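**Student:** Dropping the structure in here first, questions after.
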Amino acid sequence: MADTTSRLDAIKEGIRKLANLAGGEQAEAARQLAAKLSADVDALAPEVAAQPPAPPRPGKGPAITPLHGEIRCPVCALRSFTYQKGTMRESADANTGFEAFYHCLSCGHQAWHEAALD
């Protein structure tokens, strides 16, 4: 909250300085605009203060990756069935409890495959 208040005060100070930079025939219009913006910031301050602080984001656990990044493709039988990073998910059907998405760099076949873990 104190950080937000100081930031709003800094914005109001910047508005005041900006209004002082306007010269000649635009000086009065700049002062009026600065007064309106300062009033808007003042009206915003209680709303910001009333908002509860954002809950802390849960930390990520260690990344789970399959033991084999590349395996034999079930379609073309070449060893180019490559694990697609970040696609590991839990699976009730897999013996290890996880499966990963693989893509063959040779024939283009894509499929979820049981992941062998460390």
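The values are calculated or read from the model by the stated rules, or taken from the named source; none is laboratory data. Note that the structure is predicted; figures quoted are calculated from it, not measured. Backbone-built Cβ (ideal geometry, glycine too); neighbour counts: all protein chains shown. To get the accessible areas, we keep the full protein, side chains included, count just its heavy atoms, and leave off ligands, DNA and RNA. Shrake-Rupley method; radii C 1.70, N 1.55, O 1.52, S 1.80 Å.
**Student:** For the chain, divide the Cα radius of gyration by the Kirkwood radius and give the resulting Rg/Rh value with two decimals.
**Tutor:** Ratio of gyration radius to Kirkwood radius: 1.48.
**Student:** Need one number: nm distance between label points at Ala111 and His68, each 7 Å from Cα along Cα→Cβ, rounded to one decimal.
**Tutor:** A separation of 1.3 nm, rounded to one decimal place.
**Student:** OK, next. Considering amide H positions built from the backbone, and no H for Pro or chain starts, which residues 5 or more places from Phe98, or on another chain, come under 5 Å of its amide H?
**Tutor:** Close amide H contacts, sequence-distant or interchain: Ser91, Ala115.
**Student:** Sticking with this structure for a sec: Roughly how many Å² is the accessible area per residue of the stretch 70-114, as a whole number, for a 1.4 Å probe?
**Tutor:** About 65 Å² of surface per residue is accessible.
**Student:** Also, I was wondering about something else. Once neighbouring chains are kept in place and the probe is 1.4 Å, which whole percent of the accessible area of the chain is contributed by carbon and sulfur?
**Tutor:** That fraction is 56 percent.
**Student:** Can you give me the angle between helix 2-21 and the longest principal axis of the chain, using Cα atoms only, in degrees from 0 to 90, rounded to the nearest 10?
**Tutor:** 50
**Student:** Also, quick follow-up: How large is the accessible surface per residue of the stretch 2-50, computed with a 1.4 Å probe and reported in Å² as a whole number?
**Tutor:** Result: 73 Å² of accessible area for each residue.
**Student:** Rounded, prolate or oblate: pick one for the stretch 2-50, where a ≥ b ≥ c are the square roots of the eigenvalues of its C-alpha gyration tensor, a/c under 1.5 means rounded, and failing that, prolate if a/b is larger than b/c, else oblate.
**Tutor:** In terms of gyration-tensor shape, oblate.
**Student:** If you don't mind, another one. Read phi for every residue in the stretch 30-35 and hand back ³J(HN,Hα) as whole Hz from Karplus 6.51 cos²θ - 1.76 cosθ + 1.60, θ = phi - 60°, with x for Gly and Pro.
**Tutor:** 5, 5, 5, 5, 4, 5
**Student:** Please pull out the direction-averaged projected area of the stretch 70-114, using the convex hull of its alpha-carbon atoms, in nm² to one decimal place.
**Tutor:** For the stretch 70-114, averaging the hull's shadow over all directions gives 2.9 nm².
**Student:** Now a separate question. Summing -39500 (n - 2.57) over the DSSP H runs of n ≥ 4 in the chain and dividing by its residue number, what mean residue ellipticity at 222 nm do you reach, to the nearest 500 deg cm²/dmol?
**Tutor:** So the helix-based figure for the chain works out to -13000 deg cm²/dmol.
**Student:** Still on this structure, I have one more. What is the list of residues in the stretch 38-53 whose amide nitrogen lies under 20 Å from a point 7 angstrom out from the Cα of Glu13, following Cα to Cβ?
**Tutor:** 38-46
**Student:** What are the ³J(HN,Hα) couplings of the stretch 40-53, residue after residue, when phi is run through the Karplus curve with 6.51, -1.76, 1.60 and θ = phi - 60°? Round to Hz, x for glycine and proline.
**Tutor:** Working through the residues one at a time gives 5, 5, 4, 5, 6, 3, x, 5, 5, 5, 6, 6, x, x Hz.
**Student:** Here's another thing I want to ask about it. Heavy atoms of the protein only, probe of 1.4 Å, neighbouring chains included. What is the accessible area of His109 in Å², nearest 10?
**Tutor:** Surface open to solvent at His109 totals about 60 Å².
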